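Report on the structure given below.
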Amino acid sequence: MGLLQEIDKTDLADVGRDLHAFAAELYPICRSITGAGIRETLTRIQARISLTISEIPTGTQVFDWTVPREWNIRDAYVKNSRGERVIDFQRSNLHVISYSVPVNKTLSLAQLKEHLHTLPDRPDLIPYRTSYYKETWGFCLSQRELDALPEDQYEVVIDSSLEDGFLSYGECIVPGESSEEVLISCHSCHPSLCNDNLSGLAVATFLAQILASRVNRFTYRFVFIPGTIGSLTWLSRNENVVPNIKHGLVLACVGDPGAPSYKKSRRGNAEIDRAALHVLANANAPYNVRDFSPYGYDERQYCSPGFNLPVGCLNRTQHGKFPQYHTSADNLDFVTPKALADTLRLCLQVFHVLENNYTYLNLSPKGEPQLGKRGLYRSIGGHPDAEAREMAMLWVLNLSDGQHSLLDIAQRSGLKFETILNAATDLQHHKLLVRASQEKHS
Amino acid sequence: MGLLQEIDKTDLADVGRDLHAFAAELYPICRSITGAGIRETLTRIQARISLTISEIPTGTQVFDWTVPREWNIRDAYVKNSRGERVIDFQRSNLHVISYSVPVNKTLSLAQLKEHLHTLPDRPDLIPYRTSYYKETWGFCLSQRELDALPEDQYEVVIDSSLEDGFLSYGECIVPGESSEEVLISCHSCHPSLCNDNLSGLAVATFLAQILASRVNRFTYRFVFIPGTIGSLTWLSRNENVVPNIKHGLVLACVGDPGAPSYKKSRRGNAEIDRAALHVLANANAPYNVRDFSPYGYDERQYCSPGFNLPVGCLNRTQHGKFPQYHTSADNLDFVTPKALADTLRLCLQVFHVLENNYTYLNLSPKGEPQLGKRGLYRSIGGHPDAEAREMAMLWVLNLSDGQHSLLDIAQRSGLKFETILNAATDLQHHKLLVRASQEKHS
Amino acid sequence: MGLLQEIDKTDLADVGRDLHAFAAELYPICRSITGAGIRETLTRIQARISLTISEIPTGTQVFDWTVPREWNIRDAYVKNSRGERVIDFQRSNLHVISYSVPVNKTLSLAQLKEHLHTLPDRPDLIPYRTSYYKETWGFCLSQRELDALPEDQYEVVIDSSLEDGFLSYGECIVPGESSEEVLISCHSCHPSLCNDNLSGLAVATFLAQILASRVNRFTYRFVFIPGTIGSLTWLSRNENVVPNIKHGLVLACVGDPGAPSYKKSRRGNAEIDRAALHVLANANAPYNVRDFSPYGYDERQYCSPGFNLPVGCLNRTQHGKFPQYHTSADNLDFVTPKALADTLRLCLQVFHVLENNYTYLNLSPKGEPQLGKRGLYRSIGGHPDAEAREMAMLWVLNLSDGQHSLLDIAQRSGLKFETILNAATDLQHHKLLVRASQEKHS
């Protein structure tokens, strides 16, 4: 059974609930680019798919970077003179700047304020802040909480550690008929932020599950990595794999109710770009497309000039363009089961195009073959579906000269990939079409 | 005298009347893809131009197809119980489905109705139906005629034959200075349908007449063929000719009063495509252009991937887009002398571009040559025609580097081909320009 | 100090006044394509910049042309029977058709009128007329002056000479680090017409002055030549120089208050075209761009097919599109200090792009280098300038694969060339970028 048929029989409402439930399971964990939180997250993913977890020691050189020390945190708070926790890591892990060094001090309000971060224009939200590569410490809180703090002597405790350890990432390989790979990458380093990027983790995990149950043309490689340093580490350890990567997709912020948005690879017209655009353009729903820019998620690394991989990025609302971005409002309410399921479905549709985008040769290239004698042509006209099917057959025959893939044909004809694929399948059955030995992915 | 001058001196009203009269002469004949009707049609064309008629036996293999049995029909009718012909082939040859097998039966109205075809949404018109490759029989009639048939026992007779015989096609070659060919193809298989395609037959015949009276650069090959099986047959018997075909045009539905419409070849930017577009764009009248699609007339065969010939298709209103299409309303009233003459003129203008679209070399390529000393440049300014002529000379000199044809220059300059050609002619006379030995048709 | 910084510190109002004053100094001189006027003009330029003046003898063959005889004029007038000068060369050198042969006659009004030229639709203006290559004589005057002439016997004197002599042109070479050249050409043959082309002479002279005070990458070659015959003469004597010309600009009509206008080179996408368009598009002011056409100024010769040099043309209002064109209204009032200074600044900005448009190699091409550890990345966000600077660094790193020049990167990123250049400079200082040995100017 084809991948698309599998999608179509799936109850997307059920899948959406399951995706959201998995995000909810991961939500409380305090993740960072290293440490127990990301390790725990990978373990939960490993419970669902076959995941290899790699542990890369602190100090390992990865290209121009060095794997940092491992950060762990047990507790953190600010207590007033009455012993009340006025800022409490236990209530939200966003309250502590990620990678804060250990602290145990008593400070005046003025001294404390130098380490407090708020969003004055969104006074109810806690911001998300990190300081991976510069040693510091700090707390994040809402502007209203800050405004309510009186003059006092505050006990400030961050019970964290920043020590030699490991950077952890997970990798799930779903082997296919070919050693050519599709890379799916999602950053797994953020704490309790749901769209950014538990949405990506959940969708990727479910995609791996679905693909593992099927026979696929491509080998699918899912990487669950801390942002930037994780993709750099993965790339530096897998330079031999890079030439096998034929298509790639970064999944980030894919659970909010906004329209899906695709950011093209650096190449701009790679097969993944064209497949994604074709799927989005034929989904009868709003969508956005952006050109590549060297800012965003880990596509920055995959598309660096030394690799220039055909890796695009799928989002719903673009990062930084939703007010919940990098705040406590990016929570389980912001991400919807429907949006998660829709993203999953879009990914499967894109993979369906990639899996089937072969180039064929018309075996009867001089004139049209006689479709009627093979029962491929209606003897009497009028049925619109039949017309589209016949047009698709004529287009496939006309352009199957070894220079046009099925996606090329879909684009030139204005017909859906599925219609073109079905026509090619019918023509193959009737020995009118054969797969070109040297496939061309234009 | 140039072809364009010849067009301009022609009285188009006279030509239009003659074209229409020839269509009227052919109108009553019952044509099909084989048989006496198409043979008679070819004979009438042969009375006007030097036509070679080929007869290809039933059963001949042509690529994936087989030449069918020959169909002939003498009479056909449905008589009511009072002996009145309620459907009568003698009144319109559209009443019988083309390639109907012989019938001689008495049927109830209900039994008869299974073999009757109407157009319920256009109740006064008789539809045109064929069944070349599936043995059946049937009658076509207007919905009003059908509604008027009472319960009765009907005598149903089709006095036809479907026997081994021949497929007939005609070919007129007008030799030119070069063995490079321009192919003009029109389908000749439809019965009493005037726009589709007596219009094409008439225009092609007159074009052949005009070209035969001149010295031409190209060899012009006119083929009058049954649709699909005819072009396939011609191609299969002329594979050696195919490499000589540099440009081609299918003429179909070229007599209705709609705006002219050009469908590009599969290549999309062949010289014939660019020449046709230039002529249409400079005709100061509405026109349409369509991209290639593998549905339509015999360009489907010429543009199949095994040939990929630079063959476009000229129509007026596109087939299927006029309500008279494939009905009894596609009659002598629907086709106008003015439209036929306009199509003829457009074709001659396109041929004029092709004939003259050489690439030149500027013999004084360093700086501009001094036009003034040769009398090619006005000493005093102001005359708009003179300005266009001088601009054309400057453009021709500037772009005649062996890389640009005159049509390229016309397109880049925004000037008419004729203006550019005249400038090139003047410059040639003054030894400032010479034809590039290796012509480039970009 | 960079060229752009130099522009920015310049007081443009001062420069504008100086440019206008230089135009005013040259305004009274009666120039033509040969003779004392152009020689005097070149001498005045020579007082400001290092100018080599060439004198090419009458009769010298230059490609398809011949250097004409030298024309000089001392006086010319039409006197009425009362001895009053009703037309007087001393009042305006436009009154005499350039290259008029000597005359000394007495004529009736009717006879005289055959040699008088006016602009009936602009009755107050004296037209500018020439007859270089056809021997004749004539006077130009306003329609009102003509209308006021009564029947009379007129003494007509043109005290001119047309004798073997020389064609004079000036050349100023500002040597650069490279033997690759930027050509700046302006026609210097027109009499008292200020925009056409004292504006060009003044701007070119000042550009040469500014560039001579700096160390430049390119060698800049300024040519001050009579139109058409001058550029042809220069080209014919400098064919060995032509291969060194990498970029070129014709300056003509660059002092009127209209928006700047750039006419592309014949190549259409040469680096000079792209640099000029980038500067104009980022100047926050209206501008126009035109495609190449073989009509205009000396770019016609530079862009002839035998040379096809990448030479564009900078104007403000296009020649022939302002009503003052080729009339006595093209005077010192029509040209403004502000427009002259703005043109000068635009030219320097274009040269700044050309000078700095190198192609680089990212030395850390696998993934992004860690900008933070080098202090190139803000640890805390928010400053819009810093954001543009960081985006520029990411773009430069991403596209510096040896295939993209800085101008390519500016165009793809939508950032200003200056921002991209600054980023490249910073990255070079940090050894993250190195100039590609084989520069590519795409």
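Bear in mind that the values in this text are calculations on the coordinates, not laboratory data. Since we're looking at a predicted model, the values are computed, not measured. All Cβ positions, glycine included, derive from the backbone under ideal geometry; neighbour counts span all protein chains shown.
Helix B:36-46 against the longest principal axis of chain B: what's the angle in degrees, Cα atoms only, rounded to the nearest 10? Helix B:36-46 and the main axis of chain B meet at about 30 degrees. Subtracting the Cα-Cα distance of C:Ala110 and C:Lys321 from their residue separation scaled by 0.36 nm leaves 72.6 nm. R0 = 51 Å: FRET efficiency of B:Arg74 with A:Leu363, Cβ-based, nearest 0.05? The calculated FRET efficiency here is 0.75. Applying a DSSP loop filter and a limit of 11 other Cβ atoms within 10 Å to the trypsin sites (Lys or Arg not before Pro) in segment A:119-172 leaves A:Lys134.
Using the Cα coordinates of segment A:351-435, the gyration tensor eigenvalues translate into equivalent-ellipsoid semi-axes of 19, 15, 11 Å, sorted from longest to shortest.
Under the combined filter of DSSP loop state and at most 15 neighbouring Cβ atoms within 10 Å, segment C:37-146 retains these GluC sites (Glu not before Pro): C:Glu84, C:Glu114, C:Glu135. Classify segment C:272-319 as rounded, prolate or oblate from the Cα gyration tensor: take a ≥ b ≥ c as the square roots of its eigenvalues, call it rounded if a/c is under 1.5, otherwise prolate when a/b beats b/c and oblate if not. In terms of gyration-tensor shape, oblate.
Taking the DSSP beta bridges with both ends in chain A, the antiparallel portion is around 65 percent. Against the main long axis of the alpha-carbon atoms of chain A, helix A:271-281 sits at an angle near 90°. Among the residues of B:300-308, the average count of other protein chain beta-carbon atoms within 10 Å of the residue beta-carbon is 5. Start at zero, step by 10 Å, and the Cα-Cα distances of chain A spread as 4, 20, 27, 22, 13, 7, 4, 2, 1, 0 percent across the bins.
Computed from the C-alpha gyration tensor, the three semi-axes of the ellipsoid equivalent to segment B:239-343 are 25, 16, 12 Å, from longest to shortest. From most to least packed by mean Cβ count within 10 Å, the peptides C:221-234, A:177-190, B:402-415, A:17-30 give C:221-234, A:177-190, B:402-415, A:17-30. Across the identical copies, the label point of C:Lys338 (7 Å from Cα in the Cβ direction) is separated from its matches by 5.7, 5.7 nm, in order from shortest.
At q = 0.26 Å⁻¹, what log₁₀ I(q)/I(0) does a Debye calculation on the Cα points of segment B:34-82 give, no solvent, two decimals? For the requested q values the scattering log ratios are -1.01. Note on chain A: dipole from Cβ charges, positive end direction compared against A:Ala270, A:Pro286, A:Gln143; the farthest Cα belongs to A:Ala270.
Note on the protein assembly as shown: helix-only mean residue ellipticity at 222 nm, from DSSP H runs of 4+ residues weighted -39500 (n - 2.57) and normalised by residue number, equals -9500 deg cm²/dmol. Between B:Glu155 and B:Arg214, the modelled label-to-label distance comes to 5.8 nm, taking each label 7 Å out from Cα in the direction of the beta carbon.
Each residue of segment B:51-66 was assigned a 3J(HN,Hα) from its phi angle through the Karplus curve 6.51 cos²θ - 1.76 cosθ + 1.60 (θ = phi - 60°); the sequence is 10, 9, 9, 9, 10, 10, x, 3, x, 5, 7, 10, 6, 7, 10, 10 Hz, with glycine and proline shown as x. For chain B, the dipole from Cβ point charges (+1 on Lys and Arg, -1 on Asp and Glu) about the Cα centre works out to 1060 debye, to the nearest 20. Charging the Cβ of each Asp and Glu at -1 and of each Lys and Arg at +1, and nothing else, the dipole of the protein assembly as shown about its Cα centre rounds to 940 debye.
Its Kirkwood hydrodynamic radius, worked out from the mean inverse distance over all distinct Cα pairs, puts segment B:318-393 at 17.6 Å. The 3J(HN,Hα) values that the Karplus relation (6.51, -1.76, 1.60; θ = phi - 60°) gives for segment B:95-100 are, in residue order, 5, 10, 4, 4, 6, 4 Hz. Gly and Pro appear as x. Axis between C and A by rotation; chain C residue with nearest Cβ and distance in whole Å recorded as C:Asn269, 11. A Förster distance of 41 Å, applied to the separation of the beta-carbon atoms of B:Val101 and A:Lys416, puts the FRET efficiency at 0.55.
Building the convex hull from the alpha-carbon atoms of segment C:1-141 and averaging its projection over directions returns 13.5 nm².
For the protein assembly as shown, the antiparallel share of DSSP beta bridges with both residues in that region comes to about 65%. Each Cα pair under 8 Å and six or more residues apart adds its sequence gap; the mean of these over the residue count of chain A is a relative contact order of 17 percent. Between B:Ser54 and A:Ala259, the simple spin-label model (points 7 angstrom out along Cα→Cβ) gives 5.5 nm. Derived from the Cα gyration tensor, the three semi-axes of the equivalent ellipsoid of the protein assembly as shown are 62, 62, 25 Å, largest first.
Close amide H contacts of A:Ser328 (hydrogens built in the peptide plane, cut-off under 5 Å, sequence separation of 5 or more or a different chain): A:Ile126.
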